[in-house]
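Student: Got a structure for you, questions after.
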């Protein structure tokens with residue numbers, strides 16, 4: 001037998017009638033006035049004699065008890081208590097519970113979700129286990145997870161089921177069933193897999209149970225759902241006003257059967273006022289792109305950005321998507337040079353979207369440099385360079401950013417360059433003459449960006465998370481500054497740095513994926529916190545930190561304190577068309593290995609309401625009989641024997 | 001005679017009156033032998049002569065034989081004052097006939113038997129104190145007066161039996177028989193007052209008269225009882241539990257009166273207002289304790 005369920009919990013509100021019922025018993029009532037010789041004996045009779053108080057003491061009278069029983073029975077009858085019958089066959093049972101995002105879909109109009117139904121069904125399965133049989137519980141989210149090993153204790157199994165929560169991820173039911181089959185394969189006796197899912201599967205491949213009898217039970221009902229299935233944020237310029245703005249691209253899709261009149265609203269994280277909003281009519285099955293723009297303030301740049309869909313529908317997880325307010329178009333560039341005049345500074349000054357900071361090489365360690373800045377160092381190669389992307393021009397002989405800088409080469413002839421590299425895009429080095437340069441030992445086939453025969457004049461020294469370029473000659477020792485390609489080169493460096501800055505150390509991720517966060521070199525540990533994830537410390541190595549999969553959509557903040565303080569905000573979104581499509585899809589089970597499969601809805605309930613109502617009627621009938629029966633006064637002598645005996649003893 | 005004593009009832013009383021035991025002596029000359037020394041013909045004892053003794057009481061023969069002057073003493077012959085204390089409070093005005101009517105009839109019966117035995121009879125009305133006191137009368141010829149005294153009693157006011165009995169004791173220098181007719185629905189210390197009466201030499205008799213409504217309450221449902229004496233209202237829901245509680249309290253009172261009677265060696269008669277008076281008088285004459 002399954003656990004007792006209340007199909008209509010609001011029926012229990014009838015129990016509120018117990019209060020008035022008891023009140024009726026303690027409230028004073030209008031009485032017939034009778035003149036008697038003396039009230040002395042009545043006064044001493046300890047019954048209903050509280051003349052000055054609004055209430056009398058509650059006495060457990062039979063009619064009151066009967067009426068409470070009848071009312072309670074009626075309340076429980078209205079709440080429709082029911083149980084599901086049947087016993088699960090099998091010595092070893094694997095209970096696979098789908099915890100993908102679609103399981104968070106609301107059921108009916110109440111607060112319960114499909115996962116709540118699945119958990120209730122899983123508990124019923126636990127209760128229905130045959131004596132002596134054991135079970136495992138497996139969670140089917142992005143990855144399959146064994147919640148509890150083989151367990152006979154129903155209490156532990158139910159506790160394991162209870163701790164399951166829907167995640168904002170695409171589910172992989174097939175992997176979970178495969179894990180269940182793998183766990184059961186080596187066990188003797190009869191085996192069975194019970195799958196509890198809503199049928200809204202992201203992967204349509206048949207579920208392979210490797211010959212183990214599989215019982216798929218579906219939960220949930222048909223619901224209307226609309227979702228944000230994609231969100232992109234970038235910085236742009238208003239073509240009319242020529243002012244810088246944030247441009248947000250949102251793709252809406254309806255998975256319902258009726259047209260939806262929706263509002264898409266942009267809100268900066270931590271603020272309540274929306275920055276942009278748009279009303280959209282979405283037809284059933286239609287995809288509608290929406291572009292929203294706003295002009296962010298300086299304080300908003302880098303902050304979280306929420307695109308919200310309203311009114312909310314059955315699945316809340318896909319009604320909001322997260323992004324990051326892009327940084328401004330003006331790119332911070334720091335130029336550290338030993339010489340007072342710099343051709344590079346001249347080229348950068350010509351770009352209106354560049355904010356140039358000029359310092360000496362020695363000031364690199366002391367001046368506050370923007371962590372997203374492009375840093376250009378001329379004539380030196382410091383060990384620790386702040387900022388993000390870095391360019392070293394004319395380094396001294398020795399080791400620089402992992403590249404060996406060689407001796408001076410006189411009159412090197414430029415022979416080739418990497419046209420596919422973003423730094424050398426759209427430019428030609430034909431006709432550029434270099435009077436003297438230092439040879440660079442480039443790493444790998446693509447490490448050499450500019451070559452003069454066998455000598456590398458420009459090399460890529462990038463490390464994961466940081467772009468680095470080494471130019472082996474002083475541009476003043478060449479005629480390159482006199483050519484347009486030099487200006488283009490400078491622009492390409494800035495544009496690449498701008499792209500890297502827009503990514504903010506990590507691009508937006510999909511929930512369920514691990515977060516790959518680029519951090520400055522030298523950072524050994526970061527702290528991460530986000531929705532449903534308490535702050536935890538993660539090791540970083542080689543300019544990267546890998547944060548475990550984000551189970552919830554939202555904004556994850558990664559921060560570090562050494563060698564310099566910094567942080568990055570990473571949006572994680574569900575944005576899955578398959579998961580947002582909460583309509584039930586056909587489930588196929590690969591029965592090629594034998595064993596058989598059954599796909600069914602949960603067994604019908606056996607309701608107790610009629611029996612409870614009958615019980616209430618019988619109790620009420622008994623109450624009526626009791627109240628209308630003729631009261632016979634007890635024999636005076638027998639009743640007073642106790643008091644008399646005391647009086648006589650006293651005498 | 002009157003409505004209180006019909007001829008048939010009188011004939012029965014005449015037969016019963018010789019069985020009436022009057023244990024108290026009031027000290028006056030009468031037909032009952034007293035415990036004290038007195039002037040009757042019944043020898044009591046000898047005692048030594050002391051100066052001032054009446055020489056006429058000297059037993060000269062004994063003096064001749066013994067040489068010691070001794071006196072012969074004799075018992076006194078005393079009468080008995082029968083005091084009929086009738087509770088005439090408002091609570092006695094209940095039932096058909098009323099409890100007061102029943103009390104008057106019983107008091108008349110006792111009064112008749114006393115007068116027929118040449119005793120003195122006095123009617124006293126009790127309420128919140130001693131409300132009326134009539135003169136004592138003696139002999140059968142005084143019967144009409146006693147009956148008139150009784151018939152003048154009307155129910156009114158509250159009850160304080162203890163105060164009433166104490167008032168009787170203060171006004172009665174000679175003890176006698178003290179018969180109290182009441183419903184005893186009184187929370188006061190009447191038992192202590194009865195004890196003081198006994199200590200003063202009175203022969204106490206307790207006659208409790210209750211109405212049928214008090215013995216077997218005919219009420220049902222939600223009732224507000226109003227006290228006939230005080231006007232106090234007590235609200236009661238009359239179900240089996242309430243009736244049981246009332247009956248328990250009533251029997252507590254009955255057993256308490258029975259205990260008082262046993263302690264004082266007094267008869268205790270409990271009568272209903274509709275009970276035949278002759279049966280009650282028979283139990284009283286036999287000094288029964290109901």
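The values are calculated or read from the model by the stated rules, or taken from the named source; none is laboratory data. Given the structure is predicted, the values throughout are model-derived calculations rather than measurements. Virtual Cβ from ideal backbone geometry, glycine too; neighbours counted across all protein chains shown.
Student: Among the candidates B:148, B:120, B:156, B:105, single out the residue that is surrounded by fewer than 20 Cβ atoms within 10 Å (Cβ to Cβ) and away from chain A (no Cβ under 14 Å). Write out each step before concluding.
Tutor: Numbers: B:120 fails: surrounded by fewer than 20 Cβ atoms within 10 Å (Cβ to Cβ); B:156 fails: away from chain A (no Cβ under 14 Å); B:105 fails: surrounded by fewer than 20 Cβ atoms within 10 Å (Cβ to Cβ).
Just a single option satisfies the conditions, and that option is B:148.
Student: Do we have residue B:244 as at the interface with chain A (Cβ under 7 Å from one of its Cβ atoms), over 17 Å from residue B:91 (Cα atoms) and either outside any loop (DSSP other than H, G, I, E, B) or under 28 Å from the mean Cα position of the chain (by Cα) (or both) here? Please lay out each step first, then the result.
Tutor: Values: at the interface with chain A (Cβ under 7 Å from one of its Cβ atoms): yes; over 17 Å from residue B:91 (Cα atoms): yes; either outside any loop (DSSP other than H, G, I, E, B) or under 28 Å from the mean Cα position of the chain (by Cα) (or both): yes.
Judged against the criteria, residue B:244 is a match.
Student: Out of (1) surrounded by 21 or more Cβ atoms within 10 Å (Cβ to Cβ); (2) within 47 Å of the chain's Cα centre (by Cα), the odd one out for residue A:357 is which?
Tutor: Every condition holds for residue A:357 apart from (1).
Student: Sort through B:253, B:278 and tell me the only one that's within 11 Å of chain A (Cβ to nearest Cβ) and either crowded, with 21+ Cβ neighbours inside 10 Å or part of a helix (DSSP H, G or I) (or both). Before you say what the answer is, go through the steps one by one.
Tutor: Working: B:278 fails: within 11 Å of chain A (Cβ to nearest Cβ).
So the residue among B:253, B:278 that is within 11 Å of chain A (Cβ to nearest Cβ) and either crowded, with 21+ Cβ neighbours inside 10 Å or part of a helix (DSSP H, G or I) (or both) is B:253.
Student: Which numbered condition trips up residue A:371, out of (1) buried (at least 20 other Cβ atoms within 10 Å of the Cβ); (2) under 30 Å from residue A:567 (Cβ atoms); (3) in contact (Cβ under 8 Å) with a residue 60 or more places away in the chain?
Tutor: If we test residue A:371 against (1) buried (at least 20 other Cβ atoms within 10 Å of the Cβ); (2) under 30 Å from residue A:567 (Cβ atoms); (3) in contact (Cβ under 8 Å) with a residue 60 or more places away in the chain, just (1) comes out false.
Student: Determine if region B:118-139 includes at least one residue that is outside any loop (DSSP other than H, G, I, E, B) and without any contact (Cβ under 8 Å) to a residue 24 or more places away in the chain.
Tutor: Just the residues of region B:118-139 that are outside any loop (DSSP other than H, G, I, E, B), to begin with: B:120-126, B:130-133, B:137-138.
With the extra rule that they be without any contact (Cβ under 8 Å) to a residue 24 or more places away in the chain, the set shrinks to B:137.
For region B:118-139, residues outside any loop (DSSP other than H, G, I, E, B) and without any contact (Cβ under 8 Å) to a residue 24 or more places away in the chain: present.
Student: Here's another thing I want to ask about it. For region A:263-288, name all the residues that are over 23 Å from residue A:372 (Cβ atoms), touching a strand residue (DSSP E or B) at 6+ places or on another chain (Cβ under 7 Å) and either without any contact (Cβ under 8 Å) to a residue 40 or more places away in the chain or surrounded by fewer than 11 Cβ atoms within 10 Å (Cβ to Cβ) (or both).
Tutor: Selection gives A:274, A:276, A:277, A:278, A:279, A:280, A:281, A:283, A:284, A:285, A:286, A:288.
Student: Go through (1) within 30 Å of residue B:242 (Cβ to Cβ); (2) at pLDDT below 80; (3) away from chain B (no Cβ under 14 Å) for residue A:86 and report which single condition fails.
Tutor: (1)
Student: Residue B:226 - would you say it is at the interface with chain A (Cβ under 7 Å from one of its Cβ atoms), without any contact (Cβ under 8 Å) to a residue 24 or more places away in the chain, in a strand (DSSP E or B) and surrounded by fewer than 17 Cβ atoms within 10 Å (Cβ to Cβ)? Write out each step before concluding.
Tutor: Numbers: at the interface with chain A (Cβ under 7 Å from one of its Cβ atoms): yes; without any contact (Cβ under 8 Å) to a residue 24 or more places away in the chain: yes; in a strand (DSSP E or B): yes; surrounded by fewer than 17 Cβ atoms within 10 Å (Cβ to Cβ): yes.
Yes.
Student: Of the residues A:195, A:237, only one is touching a residue at least 24 places away in the same chain (Cβ under 8 Å) and either under 26 Å from the mean Cα position of the chain (by Cα) or buried (at least 24 other Cβ atoms within 10 Å of the Cβ) (or both); which?
Tutor: Numbers: A:237 fails: either under 26 Å from the mean Cα position of the chain (by Cα) or buried (at least 24 other Cβ atoms within 10 Å of the Cβ) (or both).
Selected residue: A:195, the only one of A:195, A:237 that is touching a residue at least 24 places away in the same chain (Cβ under 8 Å) and either under 26 Å from the mean Cα position of the chain (by Cα) or buried (at least 24 other Cβ atoms within 10 Å of the Cβ) (or both).
Student: Taking the conditions exactly as written (more than 7 Å from chain A (Cβ to nearest Cβ), over 25 Å from residue B:128 (Cα atoms) and out of contact with any helix residue (DSSP H, G or I) (no Cβ under 8 Å at 6 or more places or on another chain)), does residue B:238 satisfy them or not?
Tutor: Values: more than 7 Å from chain A (Cβ to nearest Cβ): yes; over 25 Å from residue B:128 (Cα atoms): yes; out of contact with any helix residue (DSSP H, G or I) (no Cβ under 8 Å at 6 or more places or on another chain): yes.
Yes, satisfied.
Student: Does residue B:232 qualify as being more than 21 Å from residue B:90 (Cα to Cα), touching a helix residue (DSSP H, G or I) at 6+ places or on another chain (Cβ under 9 Å) and within 11 Å of another protein chain (Cβ to nearest Cβ)? Steps first, please.
Tutor: On the way: more than 21 Å from residue B:90 (Cα to Cα): no; touching a helix residue (DSSP H, G or I) at 6+ places or on another chain (Cβ under 9 Å): yes; within 11 Å of another protein chain (Cβ to nearest Cβ): yes.
The answer is no for residue B:232.
Student: Identify all residues within region B:264-276 that are under 22 Å from residue B:213 (Cα atoms) and out of contact with any strand residue (DSSP E or B) (no Cβ under 8 Å at 6 or more places or on another chain); write none if there are none. It would help to see each step written out before you state the result.
Tutor: From region B:264-276, those under 22 Å from residue B:213 (Cα atoms) are B:268-276; that's our starting set.
B:274, B:275, B:276, listed by residue number.
Student: Quick one: which of A:386, A:395 is buried (at least 19 other Cβ atoms within 10 Å of the Cβ), more than 15 Å from residue A:461 (Cβ to Cβ) and touching a residue at least 40 places away in the same chain (Cβ under 8 Å)? Walk me through how you get there before you give the answer.
Tutor: On the way: A:395 fails: more than 15 Å from residue A:461 (Cβ to Cβ).
Exactly one of A:386, A:395 is buried (at least 19 other Cβ atoms within 10 Å of the Cβ), more than 15 Å from residue A:461 (Cβ to Cβ) and touching a residue at least 40 places away in the same chain (Cβ under 8 Å), namely A:386.
Student: What number goes with the only condition from (1) surrounded by fewer than 19 Cβ atoms within 10 Å (Cβ to Cβ); (2) at the interface with another protein chain (Cβ under 7 Å from one of its Cβ atoms); (3) free of Cβ contacts under 8 Å to residues at least 40 places away in the same chain; (4) in a helix (DSSP H, G or I) that residue B:263 does not pass?
Tutor: (3)
Student: Select from region B:60-88 the residues that are crowded, with 16+ Cβ neighbours inside 10 Å and part of a loop (DSSP other than H, G, I, E, B) and write down the one among them that is modelled with the highest pLDDT.
Tutor: Across region B:60-88, the extreme among qualifying residues is B:88.
Student: Tell me the strands (runs of 3 or more DSSP E) entirely within region A:319-422 that contain at least 2 residues that are out of contact with any helix residue (DSSP H, G or I) (no Cβ under 9 Å at 6 or more places or on another chain) and modelled with pLDDT of 90 or more.
Tutor: Strands (runs of 3 or more DSSP E) meeting the threshold: A:320-324, A:354-359, A:390-393, A:398-400, A:403-410.
Student: Can you tell me which residues in region A:107-140 are under 30 Å from residue A:513 (Cβ atoms) and in contact with a helix residue (DSSP H, G or I) (Cβ under 8 Å, 6 or more places away or on another chain)?
Tutor: Passing the criteria: A:107, A:113, A:114, A:115, A:118, A:119, A:122, A:136, A:137, A:138, A:139, A:140.
Student: OK, next. Looking at this structure, is residue B:204 modelled with pLDDT of 90 or more, surrounded by 22 or more Cβ atoms within 10 Å (Cβ to Cβ) and either facing chain A (nearest Cβ under 9 Å) or outside any helix (DSSP H, G or I) (or both)?
Tutor: Values: modelled with pLDDT of 90 or more: yes; surrounded by 22 or more Cβ atoms within 10 Å (Cβ to Cβ): yes; either facing chain A (nearest Cβ under 9 Å) or outside any helix (DSSP H, G or I) (or both): yes.
Here the answer is yes, as residue B:204 does meet what is asked.
Student: Kindly establish whether residue B:192 is under 19 Å from residue B:107 (Cβ atoms) and either within 14 Å of chain A (Cβ to nearest Cβ) or not in a helix (DSSP H, G or I) (or both). Break it down into steps so the answer makes sense when it comes.
Tutor: Details: under 19 Å from residue B:107 (Cβ atoms): no; either within 14 Å of chain A (Cβ to nearest Cβ) or not in a helix (DSSP H, G or I) (or both): yes.
Here the answer is no, as residue B:192 does not meet what is asked.
Student: Looking at region B:162-187 only, could you name the residues that are over 23 Å from residue B:99 (Cα atoms) and assigned to a loop (DSSP other than H, G, I, E, B)?
Tutor: The answer is B:172, B:173, B:174, B:175, B:176.
Student: Tell me, yes or no, whether region B:175-191 has at least one residue that is farther than 30 Å from residue B:245 by Cβ and surrounded by fewer than 19 Cβ atoms within 10 Å (Cβ to Cβ). Break it down into steps so the answer makes sense when it comes.
Tutor: Within region B:175-191, the first condition is being farther than 30 Å from residue B:245 by Cβ, and the residues that meet it are B:175-179.
Going one step further and asking which of them are surrounded by fewer than 19 Cβ atoms within 10 Å (Cβ to Cβ), we end up with none.
Checked region B:175-191: no residue is farther than 30 Å from residue B:245 by Cβ and surrounded by fewer than 19 Cβ atoms within 10 Å (Cβ to Cβ).
Student: Those residues that are within 14 Å of the chain's Cα centre (by Cα), assigned to a loop (DSSP other than H, G, I, E, B) and in contact (Cβ under 8 Å) with a residue 60 or more places away in the chain, I need them from region A:533-559; list them, please.
Tutor: Across region A:533-559, the qualifying residues are A:549, A:551, A:552, A:553.
Student: Another question about this same structure. Criterion first (within 12 Å of chain B (Cβ to nearest Cβ), surrounded by 13 or more Cβ atoms within 10 Å (Cβ to Cβ), under 19 Å from residue A:626 (Cβ atoms) and modelled with pLDDT under 80) does residue A:47 satisfy it?
Tutor: Against the criterion (within 12 Å of chain B (Cβ to nearest Cβ), surrounded by 13 or more Cβ atoms within 10 Å (Cβ to Cβ), under 19 Å from residue A:626 (Cβ atoms) and modelled with pLDDT under 80), residue A:47 qualifies.
Student: For region A:55-77, enumerate the residues that are under 16 Å from residue B:222 (Cβ atoms), exposed (fewer than 14 other Cβ atoms within 10 Å of the Cβ) and either modelled with pLDDT of 80 or more or touching a strand residue (DSSP E or B) at 6+ places or on another chain (Cβ under 9 Å) (or both).
Tutor: The one that is under 16 Å from residue B:222 (Cβ atoms), exposed (fewer than 14 other Cβ atoms within 10 Å of the Cβ) and either modelled with pLDDT of 80 or more or touching a strand residue (DSSP E or B) at 6+ places or on another chain (Cβ under 9 Å) (or both): A:55.
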